[in-house]
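A short write-up of the structure that comes next.
The values are calculated or read from the model by the stated rules, or taken from the named source; none is laboratory data. Since this is a predicted model, take the numbers as computed values, not measurements. Because the Cβ atoms are built from the backbone with ideal geometry, glycine has one as well, and the counts that use them run over all protein chains shown.
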Amino acid sequence: MATVATTPSADALPKRANPLWQFIKVQPLGVFGLLIILLYVVCALGAKWIAPYDPEAIDFAAMLAKPGEEHLFGTDQYGRDVFSRIVYGARTALAVGILSSMFGCTLGALLGAASGYFGGRIDNAIQRVVDIMLSFPIIVLAMVVVAVLGKRAALGIDWNLIAAIALPIIPKMARVARSSTLSIVAMPFIDAARAAGFSHKRIILRHILPNIVAPYLIMVTAFMAQAILLEASLSFLGLGVTEPTPAWGLMLSGTSADFYQTAPWMILFPGAAITLAVFAFNLFGDSLRDWLDPKLKS
Amino acid sequence: MLRTVLRTVIASTAALLVGAGIAGAQTPKKGGTLNFGVVAEPPNYDCHGSTTFALVHPIAPHYSLLVKFDGKEYPKVIPDLAESWTVSPDRMTYTFKIRTGVKFHDGSPLTSEDIKATYDRIINPPQGVVSIRKAYYADLVVEAPDPTTVVFKLKNPMAGVLEALASPFNCVYSAAKLKENPRYPETQIMGSGPFAFVQHVKGSTWEGKRFDGYFRKGQPYLDGYKIFFVKSGGVVPGILGGQFDAEFRGRNPSEKAQLLEKMKDKLTVHEGTWVNNLMLVFNTTRKPFDDVKVRQALSMAIDRWGGSDALSKISILKFVGGVMRPGYSMSLPEAELVKLPGYSKNINKSREEAKKILEQAGLKDLKFKLLNRNIPEPYTPAGVYSIDQWRRIGVTVEHEQLETKLYQERVAKGDFDVAVEFQADFMDDPTAQFSKFLTKKLSPSGYSGHTDTKIDEMYTKQRQTMDVAERTKIVREMERYALTQAYNVPILWWQRIIMYNKKIKGWYMTPSHYLWQDLSTVWLDQ
């Protein structure tokens, strides 16, 4: 009697856990980081409704007011509400952080994938350029770019600042992408794609890049923290965002430093906002890496 | 809070009174080294090619001038190398009698030839020599008929000749050395001032020692001086930590509060007006800033009187004034100033009028960029305040802060809408103060790009008017005209706050940070 193979019913198959739930269960610290990031996102998107005051409006009558009922985090030397400036500052931090890390990582991934895929002279040339770029301290490279390019604002964002922050990210991502690509190009499906006559562009875009998404996502989140910190540093040095735009780094810089003794809240709260954001992105990035990297799963 | 303010006021007043009293009564003591901070370093050592205090503060003690401003009674001009002078009845010839027995630091005698060679270098600089103010002295011809006489003949009538000759940048050089190499002052220091040069450790220190052959017998009192080049933020920690005892350019109110709190009665504080202001320059080659009504409306939105009090607590911006320093003999009296656009004390009415003007010009939602230096004090507060004031009449302004070099390139090219520019010189003379209000034809710093020759004509006329009362009349008329045309409009004038350890005596504050820095009268009470 012939035996008919039957497909087991869906109920009989072992249940695949919801990935989000799995992440929550396995990486509680990552979830904590994600919640803080979401809080910042809410602040950035809903700043208009959350901030009690116009962040740029000068009110000398409230100059250097202590934190209290009227001004939760106090006011600065111009009488501007520090809480409102921090809430609006989340826009600058997230916009610059997300855009620059995404641009930097995407360009780095493309460059790294091409380097690993083509190998030979192309790989050698790209890697030497990467070596040169890596030899500069991040802040120095960003400062040079800002100083040379100046400002180019559109949609309320300084695109040259984003370029300056993205640039130091490119070589780091390129290195990671190259090493991932080297292991992928050795796999049979790449040989199959080549044998089928697919173009280099198609192989890179359709077969290699989708397979390096995991390290890409990890790097993007990790670099967001670095980008936020770099934006704050550049603004602190007077090279990033300019007054009166609310930005955390800027709130710590310039004449603000003159008031740290009489009005410590002027630097404490923006400092805490930067620290918390960097902490949250690092926490989330590390958890994402632990969760996505099969080698670390055990 | 009130207690802190009261304490600060009492301490500051006491320090002022006590400082002034003791300085006036005590006999100077000899000896000691004066240590002070300077927040910038000179690019080279040539006074004639410089405009910066970074050169004056280290170098002024090494050189003598023909005449100089009196630190105690500014703007009085007193003799330095000149013993006396006479002016011809037509005021076209100034004859100076030069002191005898004056020596350069190398022991060579200083004569009228050295003064002639110095002024010839300023007026007609040889190839490769930079003389920043040569146009200022273009109407002068210098003669040295004998070793103790120098004669300045004017090609055209010129007011304020003595004040112009008292420039702290007109260091007297050795004619013999200039003959060998006209550019020697760029790299070597050899003057006849109270202190001889010892060393300059770049990025770190500058030292001078007493010149025993100085022509004023008994002076200088100090054995020497040592300068520490520090960042601006390092001045207060430097004084508190005892690394140095003074900084003579000027500090801000917050730094004053910090030092007073820690040093209390060990600190001497001087406060007063400063011959510096920040102004808005409208680029009249760009629309809509070619329209006088628009420029006036933008000036009218700024509450100078209201902002003065608050800004003076957080920055060095303080005094409301026109083109001339408030309080100077030729400046417009307040009663006249308040009648001009932008100076009304009724800011609400002024802003309503400004809004109407912009509406009528079809510029209800005017947007532009404000170009500024990225220097925190006082440029950033000036930019932030102006932008806030313009928001109140519905004008949106983007603040573009650049490195000084990039800023200067953009301003010189005329690549800006509105710029925040400074006016600073070593004296109040209108010939200096109006230089940025003129057409580019007459002044390279006429950044607004206007072609209004009426202001140039008035400028030339005042420059050539010798009678003080008549000149004052022209200057005031010119000031009224300039502020009404509003090519450039001052925001606020600066306050000068100088603080130093109480043991320093014999230093007097003038409204200019370029003056009275030869340290010949300074002594240490220790």
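When you look at A:Ala227, is it at pLDDT below 85, buried (at least 22 other Cβ atoms within 10 Å of the Cβ), more than 14 Å from every other protein chain (Cβ to nearest Cβ) and outside any loop (DSSP other than H, G, I, E, B), yes or no? Judged against the criteria, A:Ala227 is not a match.
Going by the conditions given, is B:Leu406 at pLDDT below 90, within 9 Å of chain A (Cβ to nearest Cβ) and either touching a His at 6+ places or on another chain (Cβ under 7 Å) or surrounded by fewer than 21 Cβ atoms within 10 Å (Cβ to Cβ) (or both)?
Numbers: at pLDDT below 90: yes; within 9 Å of chain A (Cβ to nearest Cβ): yes; either touching a His at 6+ places or on another chain (Cβ under 7 Å) or surrounded by fewer than 21 Cβ atoms within 10 Å (Cβ to Cβ) (or both): yes.
So B:Leu406 passes the test.
Select, from A:Pro246, A:Pro270, the only residue that is over 20 Å from A:Ala166 (Cα atoms), at pLDDT 90 or above, of a type outside the set (Val, Ile, Thr) and not in a helix (DSSP H, G or I). Criteria check complete, one pass: A:Pro246.
Check every one of the helices (runs of 4 or more DSSP H) wholly within region B:214-302 and list those with 1 or more residues that are of a type in the set (Gly, Ala, Ser) and either assigned by TED's automatic domain parsing to the domain that holds B:Ser204 or more than 25 Å from the chain's Cα centre (by Cα) (or both).
Answer list for region B:214-302: B:235-240, B:292-300.
The condition (being among the β-branched types (Val, Ile, Thr) and assigned to a loop (DSSP other than H, G, I, E, B)) is satisfied by just one residue among B:Thr510, B:Thr472: B:Thr510. When the residues of region B:107-141 are filtered to those that are touching a Lys or Arg at 6+ places or on another chain (Cβ under 8 Å) and assigned to a helix (DSSP H, G or I), the one that is surrounded by the fewest Cβ atoms within 10 Å (Cβ to Cβ) is B:Ile123.
Can you pull out every residue in region A:240-256 that is of a type outside the set (D, E, K, R), touching a strand residue (DSSP E or B) at 6+ places or on another chain (Cβ under 8 Å) and facing another protein chain (nearest Cβ under 7 Å)? It would help to see each step written out before you state the result.
Within region A:240-256, the first condition is being of a type outside the set (D, E, K, R), and the residues that meet it are A:240-242, A:244-256.
Still in the running and touching a strand residue (DSSP E or B) at 6+ places or on another chain (Cβ under 8 Å): A:240-242, A:244-245.
Those that are of a type outside the set (D, E, K, R), touching a strand residue (DSSP E or B) at 6+ places or on another chain (Cβ under 8 Å) and facing another protein chain (nearest Cβ under 7 Å): A:Thr242, A:Pro244.
One line per residue, one yes/no per condition, for (1) within 30 Å of A:Ala62 (Cβ to Cβ); (2) in contact with a strand residue (DSSP E or B) (Cβ under 7 Å, 6 or more places away or on another chain); (3) free of Cβ contacts under 8 Å to residues at least 60 places away in the same chain:
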{"residue": "B:Pro288", "(1), (2), (3)": "no, no, no"}
{"residue": "B:Lys293", "(1), (2), (3)": "no, no, no"}
{"residue": "B:Gly306", "(1), (2), (3)": "yes, no, yes"}
{"residue": "B:Ser312", "(1), (2), (3)": "yes, yes, no"}
{"residue": "B:Ile316", "(1), (2), (3)": "yes, yes, no"}
{"residue": "B:Arg325", "(1), (2), (3)": "no, yes, no"}
{"residue": "B:Leu332", "(1), (2), (3)": "no, no, no"}
{"residue": "B:Asn348", "(1), (2), (3)": "yes, no, yes"}
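One residue is enough: does region A:198-208 have a residue meeting the conditions within 14 Å of another protein chain (Cβ to nearest Cβ), surrounded by fewer than 22 Cβ atoms within 10 Å (Cβ to Cβ) and either of a type outside the set (Val, Ile, Thr) or under 22 Å from the mean Cα position of the chain (by Cα) (or both)?
The first filter runs over region A:198-208 and keeps only residues within 14 Å of another protein chain (Cβ to nearest Cβ), leaving none.
There is no residue in region A:198-208 that is within 14 Å of another protein chain (Cβ to nearest Cβ), surrounded by fewer than 22 Cβ atoms within 10 Å (Cβ to Cβ) and either of a type outside the set (Val, Ile, Thr) or under 22 Å from the mean Cα position of the chain (by Cα) (or both).
Once region B:93-106 is narrowed to residues that are among the polar types (S, T, N, Q) and closer than 22 Å to B:Lys153 by Cα, the residue that is surrounded by the fewest Cβ atoms within 10 Å (Cβ to Cβ) is B:Thr93. From the list A:Ala113, A:Ala163, the lone residue that is closer than 30 Å to B:Leu402 by Cβ and in contact (Cβ under 8 Å) with a residue 60 or more places away in the chain is A:Ala163. (1) of a type in the set (Val, Ile, Thr); (2) more than 26 Å from A:Lys172 (Cα to Cα); (3) under 23 Å from the mean Cα position of the chain (by Cα): which one isn't true of A:Thr221, the others all being true? Result: A:Thr221 passes all but (2). The set of residues in region B:345-389 that are among the hydroxyl-bearing types (Ser, Thr, Tyr) and either out of contact with any helix residue (DSSP H, G or I) (no Cβ under 7 Å at 6 or more places or on another chain) or closer than 18 Å to B:Glu400 by Cβ (or both) comprises B:Tyr379, B:Thr380, B:Tyr385, B:Ser386. Of all the numbered requirements in (1) more than 14 Å from chain B (Cβ to nearest Cβ); (2) surrounded by fewer than 24 Cβ atoms within 10 Å (Cβ to Cβ); (3) of a type outside the set (D, E, K, R), A:Ala277 misses one, and that requirement is (2). Among the numbered conditions (1) buried (at least 21 other Cβ atoms within 10 Å of the Cβ); (2) within 14 Å of chain B (Cβ to nearest Cβ), the only one that A:Ala62 does not meet is (1). Of the residues making up region B:313-325, at least one is part of a strand (DSSP E or B), surrounded by 23 or more Cβ atoms within 10 Å (Cβ to Cβ), among the charged types (D, E, K, R) and in the same structural domain as B:Glu377 (by TED's automatic domain parsing). Helices (runs of 4 or more DSSP H) fully within region A:135-220 that include at least 1 residues being of a type in the set (Phe, Trp, Tyr) and closer than 26 Å to A:Thr245 by Cα: A:159-185.
Of all strands (runs of 3 or more DSSP E) completely enclosed by region B:1-97, which ones contain at least 1 residues that are of a type in the set (Lys, Arg) and modelled with pLDDT of 90 or more? Walk me through it before giving the result.
Details: elements: B:33-38, B:67-69, B:77-79, B:82-87.
The strands (runs of 3 or more DSSP E) meeting that bar are B:67-69.
Entry remark, region B:375-384: residues being over 21 Å from the mean Cα position of the chain (by Cα) and more than 7 Å from every other protein chain (Cβ to nearest Cβ) number 0 in total. For region A:257-266, state whether one or more residues are within 30 Å of A:Phe32 (Cβ to Cβ), within 14 Å of another protein chain (Cβ to nearest Cβ), in a helix (DSSP H, G or I) and at pLDDT 90 or above. So far as region A:257-266 goes, yes, one or more of its residues are within 30 Å of A:Phe32 (Cβ to Cβ), within 14 Å of another protein chain (Cβ to nearest Cβ), in a helix (DSSP H, G or I) and at pLDDT 90 or above. Would you mind telling me which numbered condition in (1) within 14 Å of chain B (Cβ to nearest Cβ); (2) more than 30 Å from B:Asn252 (Cα to Cα); (3) not aliphatic (A, V, I, L, M) A:Thr221 fails? A:Thr221 satisfies every listed condition except (1).
On the stretch given as region A:147-177, residues that are surrounded by fewer than 21 Cβ atoms within 10 Å (Cβ to Cβ), within 14 Å of A:Leu230 (Cα to Cα) and within 14 Å of another protein chain (Cβ to nearest Cβ) total 1. Taking each residue of region B:184-213 that is part of a loop (DSSP other than H, G, I, E, B) and looking for partners that are among the basic types (Lys, Arg) with beta-carbon atoms closer than 6 Å, six or more apart or interchain, yields B:Gly213/B:Lys103.
Pairs linking a residue in region B:481-503 that is in a helix (DSSP H, G or I) to a residue that is hydroxyl-bearing (Ser, Thr, Tyr) and at pLDDT 95 or above, with Cβ atoms under 9 Å and 6 or more positions apart or on different chains, are B:Leu483/B:Ser299; B:Leu483/B:Tyr343.
For region B:412-423, the candidate set comprises residues that are more than 13 Å from every other protein chain (Cβ to nearest Cβ) and closer than 10 Å to B:Arg373 by Cβ; within that set, the residue that is surrounded by the fewest Cβ atoms within 10 Å (Cβ to Cβ) is B:Phe422. Filtering region B:288-302 to residues that are crowded, with 24+ Cβ neighbours inside 10 Å and of a type in the set (Lys, Arg) leaves only B:Arg295.
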